[in-house]
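Asker: Structure incoming, see below.
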Amino acid sequence: MPDVLESSPSGPYDALLLLSFGGPEGPEDVVPFLENVTRGRGIPKERLKEVGRHYFLFGGVSPINDQNRALLSALRADFAENGLDLPVHWGNRNWAPYLTDTLREMVQDGHRRILVLATSAYASYSGCRQYRENLADALATLEAEGLELPRVDKLRHYFNHPGFVEPMVDGVVEALADLPEEVRDGAHLAFTTHSIPTAAADTSGPVEEHGDGGSYVKQHLDVARVIAGAVRERTGVDRPWQLVYQSRSGAPHIPWLEPDICDHLEERHAAGVPAVVMVPIGFVSDHMEVLYDLDTEARAKAEELGLPVRRSATVGADPRFAAAIRDMIVERAAVERGQRVTPCALGALGASHDVCPVGCCPAARDPKPAAAGADSPYA
């Protein structure tokens, strides 16, 4: 493979790796997939079957893999149209194509400077550092196999990039327009994201941002504020909004971020709110947490209450998101070449760091090496 010239917009990087969570693609995959997700926790298979009932409701298929295939196509099309000669590969943490296998193939194909795009936009252990730990595990495997290790870096958090935010603004406006006219102007906006343990939220982001929700809550609130403001400008109506949570999966005695979306719908209905638009800002695409926790469970709660609800679209493979990824690749490559850049970001927080600092989003227990950060053993 020819070397990537430093004059190339993506140089010194010679490949992009889309790194995602993965999901089952048939009923027979559900329990093995959940065994991968929960490895080391000693959860019995019968319990995993119970946990997997959400997947069985949808034929045992998670939509996340097809959504990643669509994003891959969008990225490749955008790169080709804009002259960015950068191969795009795909690996998952918990299902095929597995990260280690993809990274091995990339190394065998001659890639030596790899940039990673994780399908998680915000700072947290599960949304960032755990991906970095998986990268370190994969690199350790390749090292044990005697392969030459590549340099692996990770793209910054993109929660406030215009190419991520603007499609969500459109989605909210479209969801509002779909509500009955008599309740539209009074609709409440419920910005939803994955609940995580409060302890994990408090230690998310760099050390100086730890405490009371950490970067995880701050970043979501900032994005919600930006979207609510843009919707106000587009519709001429200043609607109330709140950040709420969904998809809790931990033990009942451990505090997690609240309120839950279903509890929130009950509270809003009791307060006389005429309608709610659920805005899944914490999710890149319409995967299982969106299809079940919002489109199934929360919608059933709303129907029980007689509360009109709509759910706005996630970003998915929107061309603006693909263009944002290209923008951040070119931005990061310029930084690596020693050039000064002005990162693109909306809201009050500014662009996130390029390199995760020491102490960023630590594990609650059993700390492991993490690649693509200031504390990486594979720098």
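The values are calculated or read from the model by the stated rules, or taken from the named source; none is laboratory data. Just so you know, these numbers come straight off a predicted model, no measurement behind them. Because the Cβ atoms are built from the backbone with ideal geometry, glycine has one as well, and the counts that use them run over all protein chains shown.
Asker: Quick one: L179 ticks every box in (1) part of a helix (DSSP H, G or I); (2) surrounded by 15 or more Cβ atoms within 10 Å (Cβ to Cβ) bar one, so which box is it?
Answerer: (1)
Asker: Which ones in segment 136-161 are within 20 Å of T38 (Cβ to Cβ) and in contact with a helix residue (DSSP H, G or I) (Cβ under 7 Å, 6 or more places away or on another chain)?
Answerer: Scanning segment 136-161 gives a single hit, A138.
Asker: May I pose another question? Could you check how many residues of segment 135-164 are within 12 Å of Y378 (Cα to Cα) and among the small types (G, A, S)?
Answerer: Number satisfying all stated conditions: 3.
Asker: I need the full set of residues from segment 244-260 which are in a strand (DSSP E or B) and touching a residue at least 60 places away in the same chain (Cβ under 8 Å), in order please. Full working, then the answer.
Answerer: Within segment 244-260, the first condition is being in a strand (DSSP E or B), and the residues that meet it are 244-246, 256, 260.
Once the filter is applied, which keeps residues that are in a strand (DSSP E or B) and touching a residue at least 60 places away in the same chain (Cβ under 8 Å), segment 244-260 yields W256, D260.
Asker: Looking at L75, L48, which one is buried (at least 16 other Cβ atoms within 10 Å of the Cβ) and under 21 Å from V116 (Cβ atoms)?
Answerer: L75
Asker: For the structure I just gave you, tell me whether E81 is over 26 Å from P206 (Cα atoms), in contact (Cβ under 8 Å) with a residue 24 or more places away in the chain and over 19 Å from the mean Cα position of the chain (by Cα).
Answerer: Taking the combined requirement at face value, the residue does not satisfy it.
Asker: Could you figure out which of (1) farther than 27 Å from S126 by Cβ; (2) under 21 Å from the mean Cα position of the chain (by Cα); (3) among the basic types (K, R) isn't true of R239?
Answerer: Just one mismatch for R239, condition (2).
Asker: For segment 19-37, which residues satisfy the criterion of being surrounded by fewer than 20 Cβ atoms within 10 Å (Cβ to Cβ) and among the polar types (S, T, N, Q)?
Answerer: The one that is surrounded by fewer than 20 Cβ atoms within 10 Å (Cβ to Cβ) and among the polar types (S, T, N, Q): N36.
Asker: State whether one or more residues within segment 190-209 are in contact with a Ser or Thr (Cβ under 8 Å, 6 or more places away or on another chain), more than 22 Å from Q246 (Cα to Cα) and outside any helix (DSSP H, G or I).
Answerer: Within segment 190-209, one or more residues are in contact with a Ser or Thr (Cβ under 8 Å, 6 or more places away or on another chain), more than 22 Å from Q246 (Cα to Cα) and outside any helix (DSSP H, G or I).
Asker: For segment 331-367, enumerate the residues that are loosely packed, with under 13 Cβ neighbours inside 10 Å and under 23 Å from A138 (Cα atoms).
Answerer: V358, A364, R365, D366, P367
Asker: If you scan segment 210-243, which residues turn out to be in a loop (DSSP other than H, G, I, E, B) and of a type in the set (D, E, K, R)?
Answerer: Across segment 210-243, the qualifying residues are D212, D238, R239.
Asker: Something else now. Does L142 fit the bill of being within 27 Å of Q219 (Cα to Cα) and either surrounded by fewer than 22 Cβ atoms within 10 Å (Cβ to Cβ) or of a type in the set (V, I, T) (or both)? So that I can check it myself, show each step before the final result.
Answerer: Working: within 27 Å of Q219 (Cα to Cα): no; either surrounded by fewer than 22 Cβ atoms within 10 Å (Cβ to Cβ) or of a type in the set (V, I, T) (or both): yes.
No; evaluated as a whole, the condition is false for this residue.
Asker: Here is a follow-up. Can you tell me which residue is nearest to T193 (Cα to Cα) among those in segment 207-225 that are touching a residue at least 60 places away in the same chain (Cβ under 8 Å) and within 18 Å of the chain's Cα centre (by Cα)?
Answerer: Here the answer is H220.
Asker: On the given criteria, is L115 touching a Lys or Arg at 6+ places or on another chain (Cβ under 9 Å) and either outside the structural domain of N134 (by TED's automatic domain parsing) or not in a loop (DSSP other than H, G, I, E, B) (or both)?
Answerer: Considered against the rule, which asks whether it is touching a Lys or Arg at 6+ places or on another chain (Cβ under 9 Å) and either outside the structural domain of N134 (by TED's automatic domain parsing) or not in a loop (DSSP other than H, G, I, E, B) (or both), L115 comes out as yes.
Asker: Does P150 qualify as being in contact with a strand residue (DSSP E or B) (Cβ under 9 Å, 6 or more places away or on another chain) and crowded, with 19+ Cβ neighbours inside 10 Å?
Answerer: The answer is yes for P150.
Asker: In addition: Go through the residues of segment 160-168 one by one and say whether even a single one is assigned to a loop (DSSP other than H, G, I, E, B) and either in the same structural domain as A322 (by TED's automatic domain parsing) or closer than 27 Å to C344 by Cβ (or both).
Answerer: Restricting attention to segment 160-168, the residues satisfying the condition of being assigned to a loop (DSSP other than H, G, I, E, B) are 160-161.
This time we only want the ones that are either in the same structural domain as A322 (by TED's automatic domain parsing) or closer than 27 Å to C344 by Cβ (or both), so: 160-161.
Checked segment 160-168: at least one residue is assigned to a loop (DSSP other than H, G, I, E, B) and either in the same structural domain as A322 (by TED's automatic domain parsing) or closer than 27 Å to C344 by Cβ (or both).
Asker: Restricting to segment 226-284, and then to whatever is polar (S, T, N, Q) and closer than 21 Å to T203 by Cα, can you tell me which residue is surrounded by the fewest Cβ atoms within 10 Å (Cβ to Cβ)?
Answerer: If we filter segment 226-284 for residues that are polar (S, T, N, Q), which is where we start, we get 235, 242, 246-247, 249.
Keeping just the survivors that are closer than 21 Å to T203 by Cα gives 246-247, 249.
Numbers: Q246: 26, S247: 22, S249: 12.
Top of the filtered list is S249.
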